[in-house]
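The values are calculated or read from the model by the stated rules, or taken from the named source; none is laboratory data. It should be emphasised that the depicted structure is a prediction, and the values quoted were computed from it without experimental measurement. Every residue, glycine among them, receives a Cβ derived from its backbone with ideal geometry; neighbour counts consider all protein chains shown. Surface accessibility is based on the protein's heavy atoms, side chains included, excluding ligands, DNA and RNA. Shrake-Rupley method; radii C 1.70, N 1.55, O 1.52, S 1.80 Å.
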Amino acid sequence: MPSGPKFRVAICGGGIGGLTAAIILARSQDIEVEIYESAQKLTEIGAGIGLFSRPWEIIRKIGLDEELLKTTAIKPVEGPVSSFKYRRSDRPEGLEFYTLVTKGNLMTFHRADFQAALLRKLPRSCRVNCSKRLRSYTQHPSGPIELLFEDGTTTTCDVLLGADGLKSAVRRSMMNEKAQTAQSSTEAAEYIASIDPLWCGQNAYRELIPAERLNARCPNHRVFTQPTQYLGKNGYIIAYPIQKGKMINFVAFTARHDLEDTKFNGAWVCPTDSSEVTTMFRKWEPEAQALLDCIDRPLRWAIHTVRPLSSYSHGRVALLGDAAHASPPHQGSGAAMAIEDAFVLATLLIQPGATRETLPRVLSIYDHVRRPVDHDVHNRNRINGQYFTFHNVDLDPSLPDEHLLPYLQHHAQKFTKNWEWAWLSSAAPVMQEAMQLLNSSS
């Protein structure tokens, strides 16, 4: 019998991507898994999360569906279903112009409930260390990877997975490491430029609205039963029920597309007065105003993204989730992509062909199959953000309905076509390609 594990995996970040990877990895009895989380305890910030059929297929494959279904009143439906209603709302009277029909329904959860369900599936053999913020790592050609934390402590591992989000310390170390071995100063500068996120010119104002509060303000509001997006020039609102209808997930987006890829001055995430939001949407339709009247102290998120990276791996270190490809949230795909990354990466690592000696090749296969998918989704998210805010569209919302409707319906077809990968495609071909590459002799 072997005296120790095949290899030891350290995961920086205890969010959705990191926990999903840990659950899959922990199924292998000869892999030791340890999570390092910077927060004092494992908690998710944010509010709602939505999954279409593509990520839900993975959830079912890894046996998380029953645990997650305990947290929501929504049951998965496989056939065509109405997912979102769309309204042109930057006018005194809103105009409903489209119903998004998807293959399989949108499964919505509270982020904290989702994370709690993942934690319940995490075996005790997987150790979780909180208050451990990574400062840097050192990777040697032979021997373990050394991790240095902000509290001055150190540890080692054989493979490091960076699931530590937008401001990833793993990404910072990796890009610095790549820059040191770059073939030219230009290449080195590109790596360094990939470290820090960039503001995309957009802010999101998030709040959970108690259903009782909205019901008192507007009984029978449509968002109690129908996820809805209220669109307008340079902004939009999305709202849908979570926590078995007890809360309404509310997000209002404002967009300055001319400020894309600039520096945001101020805190990236902070509470703000509701007037900052309501002032921006003061001329919108009554349905939108009813939602806005119910917010109290929303969190303002300055939406930052990660430049498309030239690689997600280097040696025995790999990135996943937002650490690898944080993108605008306009297709609600952040959690979905983190789950897919974790599924492919962890499934490769538990294969017999993954050993200490082959780890760099295994991680390069993950990079090869996942990065093009993530970059494509990143671009689609960006484009849908422009569609939802009528960027480069000069269409007077006060035009008669009969003049507006044909254009709006054509507009809806464009953002649907750009989004339908989320419910018409599967991650299975990506996983199949990864397995074929792993099993090949090359």
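Any of 283/414; 70/414; 6/132; 121/167; 132/246 with alpha carbons more than 31 Å apart? Name them for me.
On the way: 283/414 26 Å; 70/414 35 Å; 6/132 25 Å; 121/167 27 Å; 132/246 34 Å.
70/414; 132/246, as the Cα separations exceed 31 Å there.
Provide the per residue accessible area, probe 1.4 Å, for the chain, rounded to a whole number of square angstrom. All intermediate terms of the calculation are to be shown ahead of the outcome.
Values: 18980 Å² over 442 residues.
That works out to 43 Å² for each residue.
From largest accessible area down, sort 33, 269; use a 1.4 Å probe on the protein chains. Write down the numbers at each step before the final one.
Details: 33 5, 269 65 Å².
Descending accessible area places them as 269, 33.
Can you give the accessible area of residue 184, probe radius 1.4 Å, in Å² rounded to 10?
Looks like 50 Å² after rounding.
Per-residue HN-Hα couplings for the stretch 86-103, Karplus 6.51 cos²θ - 1.76 cosθ + 1.60 at θ = phi - 60°, whole Hz, x for Gly and Pro?
10, 10, 8, 10, 8, 7, x, 10, x, 10, 6, 10, 6, 10, 7, 9, 10, 7
Of all alpha-carbon pairs in the chain, indicate the percentage at a distance above 44 angstrom. Let's see the in-between values first.
Details: 12534 of 97461 pairs.
Of all Cα-Cα distances in the chain, 13 percent exceed 44 Å.
How much of the accessible area of the chain, in percent, comes from carbon and sulfur atoms when a 1.4 Å probe is used? Don't skip to the answer; put the middle values down first.
Working: 9430 of 18980 Å².
It is 50 percent, rounded to a whole number.
Which order do the peptides 412-422, 199-209 take when ranked by the mean count of other beta-carbon atoms within 10 Å per residue, highest first?
Working: 412-422: 16.8, 199-209: 21.8.
Highest-to-lowest ranking by the protection proxy: 199-209, 412-422.
Relative to 2.2 N^0.38 Å, what does the C-alpha radius of gyration of the stretch 199-305 come to as a ratio? Two decimals please. Mind dumping the intermediate values first?
Values: Rg = 13.9 Å, N = 107, 2.2 N^0.38 = 13.0 Å.
Here the answer is 1.07, to two decimals.
When only Cα pairs under 8 Å and 6 or more residues apart are kept, what is the percent relative contact order across the chain? Can you show the working numbers first?
Working: 885 pairs, mean separation 90.0, N = 442.
Once divided by the residue count of the chain, the mean separation gives 20 percent.
Based on the Cβ-Cβ distance of residue 268 and residue 393, what FRET efficiency does E = 1/(1 + (r/R0)^6) give at R0 = 22 Å, to the nearest 0.05? Show your work: numbers first, answer last.
Values: r = 29 Å, r/R0 = 1.30.
With a Förster radius of 22 Å, E is 0.15.
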